[in-house]
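The structure appears below as structure tokens.
The values are calculated or read from the model by the stated rules, or taken from the named source; none is laboratory data. Fair warning: this is a prediction, and the values are worked out from it, not measured in the lab. Quick reminder, even Gly has a Cβ in these numbers, built from the backbone with ideal geometry, and neighbours come from all protein chains shown.
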Amino acid sequence: MTAVENDGTSPFGGGILSRPDGATIAYHALDGKKPGIVFLHGYHSDMTGGKALALETLCRDQGRAFLRFDYFGHGRSSGDVRHGTVGRWAADAVAVLDQLTEGPQVLVGSSLGGWIALLTALERPHRMAGLVGIAAAPDFTEDLMWQDFSFEQRRELMERGEISLPNCYDPGQPWRVHRVLIEDGRNHLLLRDSINLGCPVRLIHGQQDADVPWRTALQIADCLASDDVEVVLVKDGDHRLSRDQDIGRMTRVVSSLLDVAGEIPG
């Protein structure tokens, strides 16, 4: 069984969600009106970033439910990120949605979080009031890692089980990528077929993104079954989209989507 407990560190409902294998997921939550918002952060990031906190402020001001959490191996959650997989992170996100939220939700996913948000929405389509992707990166393990690896990198990954990649945010701390991340990612690829979601979707992507090509947003839009899909391209925006103007744009897009979704009492 899983367990939920408050860790006493946050006036806004900080706590720990225990998973069946003994892992723990750290989260912060607000109670409030629906639809609520769930934020899903990026790879090697956590729930304390500027986008997550800006959305928490928006929800607190509106009296709206909100949840942010750290994936396995990230932030204050347990585990080693090197042993994390897309499948594990998606399963944990579904557990968070099921056990820590009620009613319709808007998922807001950044980079890897955009992939996890899509996978979570596909598992719980009846709970989806909408989805927002910020530099969303579905299939990145295959299309942006494996396909870009040299022959030598692929051989090292297969023989040794891991390789080191440069960390553009902290050159002194290279990322260690395990073979299981690549192999598991192939079980969750989305851009090879239709994405059977009917909820409203908004995709924001910077055209100066050096990590995830902006055309990925157009691929996602093309694959989605929903007719209510809008793509916002930011000509001078990078992958992080964390400048003040980027944060402001994100909150406007989310607020507009909430207007479309409508308010649910309770």
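Laid out as a table, the results:
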item: Filter result for Q207 (touching a Lys or Arg at 6+ places or on another chain (Cβ under 7 Å) and either over 13 Å from A136 (Cα atoms) or free of Cβ contacts under 8 Å to residues at least 40 places away in the same chain (or both)); result: yes
item: Extreme residue, nearest to G248 (Cα to Cα), among residues of the range 55-98 that are free of Cβ contacts under 8 Å to residues at least 12 places away in the same chain and not small (G, A, S); result: T57
item: Residue in the range 99-122 that is free of Cβ contacts under 8 Å to residues at least 40 places away in the same chain and within 18 Å of I25 (Cβ to Cβ) present; result: no
item: Which numbered condition A52 misses (of (1) of a type in the set (A, V, I, L, M, F, W, C); (2) more than 18 Å from R127 (Cα to Cα); (3) touching a residue at least 60 places away in the same chain (Cβ under 8 Å)); result: (3)
item: Conditions (1) of a type in the set (A, V, I, L, M, F, W, C); (2) out of contact with any Lys or Arg (no Cβ under 9 Å at 6 or more places or on another chain); (3) modelled with pLDDT under 95: number failed by M128; result: (3)
item: In the range 163-203, the residues that are in contact (Cβ under 8 Å) with a residue 24 or more places away in the chain, over 30 Å from I37 (Cβ atoms) and among the β-branched types (V, I, T); result: V177, V180, I182
item: Matching strands (runs of 3 or more DSSP E) fully within the range 1-85 where at least 2 residues are at pLDDT 95 or above, buried (at least 22 other Cβ atoms within 10 Å of the Cβ) and touching an Asp or Glu at 6+ places or on another chain (Cβ under 9 Å); result: 24-30, 33-40, 64-69
